[in-house]
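The values are calculated or read from the model by the stated rules, or taken from the named source; none is laboratory data. Given the structure is predicted, the values throughout are model-derived calculations rather than measurements. Cβ placement follows ideal geometry from the backbone for every residue including glycine, while neighbour counts extend to all protein chains displayed. Note: areas computed on protein heavy atoms with side chains; ligands, DNA, RNA excluded. Shrake-Rupley method; radii C 1.70, N 1.55, O 1.52, S 1.80 Å.
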Amino acid sequence: MNIEPTLMETGDSSVQSVTEAVTGLAVFMLDVDGNVASWTSGAQAIKGYTADEVIGRHFSLFFTEEDQRAGKPQEALDSARTNGRIEWHGWRVRKDQSRFFARIVVDIIRNQAGDIVGFAKVTRDISEQRRLEERARRVIEFSPCAMLMVRASGAIEMVNIQAEQVFGYPREALIGQPIERLLPARYHGQHPGLRTAFLTSPQSRPMGVGRDLYAVRQDGSEFPVEIALNPIETEDGTMVLAAIADISDRKQKEERIKAALKEKELMLGEIHHRVKNNLQIVYSLLDLQSSGIEDAVAQGLLRESRNRVKSMALIHQMLYESNDFTQVDFAGFLDNLVPTLISAYGIDPGRITLFVNAAHVRLPINAAIPCGLVVNELIVNALKHAFPDNRPGAIRVDIFSEPGDRVVLSVSDDGAGMPDDLDIAESTTLGLQLVTLLAEQLKAEMTINRTKPTRIELRFRVSDLE
């Protein structure tokens, strides 16, 4: 119960019966000289004295020795006479000489003529409350974060040690000052509105989610911060406890990481660019070499090697031009590769049609290069063998993803078909040998359909290649 004495206009024994009903408080009366005139069970429970032990004795016996020497008891009575009512906090002494921290209220008592006839005194033992408050104060005071308590008006009410160190002010220079003193000038106009909005619906939360926040030190330098806001209910209304962390070191580390990542991206781009250029040089050398050879078989071998180099160079070129050096847009790769192969073999596009279905498939480079070479080899094989005597037809390339991180790649044609006695794994041709080796590199399951249509299909899991 929160019961405080009110101005009493009676001095009779009815007061005794009322105060006896109050529990948890030491409620008693003093005469005009400060002697105990009445005593209650609540007073006895808190102070330890019986009525016989205290009635008629001066109430100064409840004060500490140092307060008695300082004249605090008489000062309290004089203040009550002047003001009619006084409140304060302080240490009090029980009968066994143990101390407790109390909240004390003294009201004057007047008779019907208006004369002061005594005092009504209430003492509440708030030792536990003070202990908890002191514990909370110490937690705040020695917190590793800067802590500020701010009134609804924006005035700084409390500052801890870390706040002094972070902002560079002694606490005496901050108490009572507007919180805007610690903010950059560009925030001064909007901050009062933000504070009002927070107090309209107060709840613990971080401040400025998604925004970079800055504070200002005494020397005028700005620094990045993270702020957590907590509403605190006090006798003076709702205040805001702000926990402020200086994140300058973290920001600097983030900037260094960003710079390192940018440097790595530039380096990777340069690597892919140089690899592509080197492969292009090899391609050009093979092209020059083939132009000086009249033997058709030798020319064919050089052309096939040149196409393999071109396939790998295309992948590195696409990585160099991409914003993501870890994934290759395989659909874009095929769109560039297929016309190159048609042109290299002098195929009439009206006779053999190529279809590509590779929407939204992206592969890491360790899967993209072997897949690109597989497609190259199987298309070249179909162009050479599937359509004899200028027979028209179609070649189809499909690649798609399945649940479980699986990829399915297939190359098919509607040409003459594959001989029943042809074993790809035992083939003596370099192209089919490469397909077998590349399938093993991809850890792929390979299936073959020999006719109507002829199709070679690879299924593999990207995560198996990591």
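Filter the range 340-355 for residues that are under 15 Å from residue 373 (Cα atoms) and free of Cβ contacts under 8 Å to residues at least 40 places away in the same chain and give the result. Answer for the range 340-355, where residues must be under 15 Å from residue 373 (Cα atoms) and free of Cβ contacts under 8 Å to residues at least 40 places away in the same chain: just 340. Can you find, within the range 294-353, the residue that is farthest from the chain's Cα centre (by Cα) among those that are aromatic (Phe, Trp, Tyr) and open to solvent by less than 50 Å² (accessible area, probe 1.4 Å)? Filtering first and then ranking leaves 345. In the list 81, 85, which residue meets the criterion of being open to solvent by 60 Å² or more (accessible area, probe 1.4 Å), out of contact with any helix residue (DSSP H, G or I) (no Cβ under 7 Å at 6 or more places or on another chain), under 17 Å from residue 115 (Cα atoms) and in contact (Cβ under 8 Å) with a residue 60 or more places away in the chain? Criteria check complete, one pass: 85. Scanning the range 119-147 for residues that are over 30 Å from residue 62 (Cβ atoms), in a loop (DSSP other than H, G, I, E, B) and of a type outside the set (S, T, N, Q) yields 142, 144, 145. There is at least one residue in the range 70-77 that is open to solvent by less than 40 Å² (accessible area, probe 1.4 Å) and over 20 Å from residue 118 (Cβ atoms).
I'd like the residue in the range 148-172 that is assigned to a helix (DSSP H, G or I) and touching a residue at least 24 places away in the same chain (Cβ under 8 Å) and, out of all such residues, is most open to solvent (accessible area, probe 1.4 Å).
Initially, the range 148-172 is screened for residues assigned to a helix (DSSP H, G or I), giving 161-167, 171-172.
Remaining after also requiring touching a residue at least 24 places away in the same chain (Cβ under 8 Å): 163, 166-167.
On the way: 163: 0, 166: 19, 167: 3 Å².
Per the criteria, the residue is 166.
The residue that is most open to solvent (accessible area, probe 1.4 Å), among those in the range 418-443 that are in contact (Cβ under 8 Å) with a residue 24 or more places away in the chain and more than 19 Å from residue 383 (Cβ to Cβ), is 420. The residues in the range 31-45 that are in contact (Cβ under 8 Å) with a residue 60 or more places away in the chain and surrounded by fewer than 21 Cβ atoms within 10 Å (Cβ to Cβ) can be counted, and the count is 3. Among the residues of the range 342-366, those that are in contact with a Gly (Cβ under 9 Å, 6 or more places away or on another chain) and of a type in the set (Val, Ile, Thr) comprise 352, 353.
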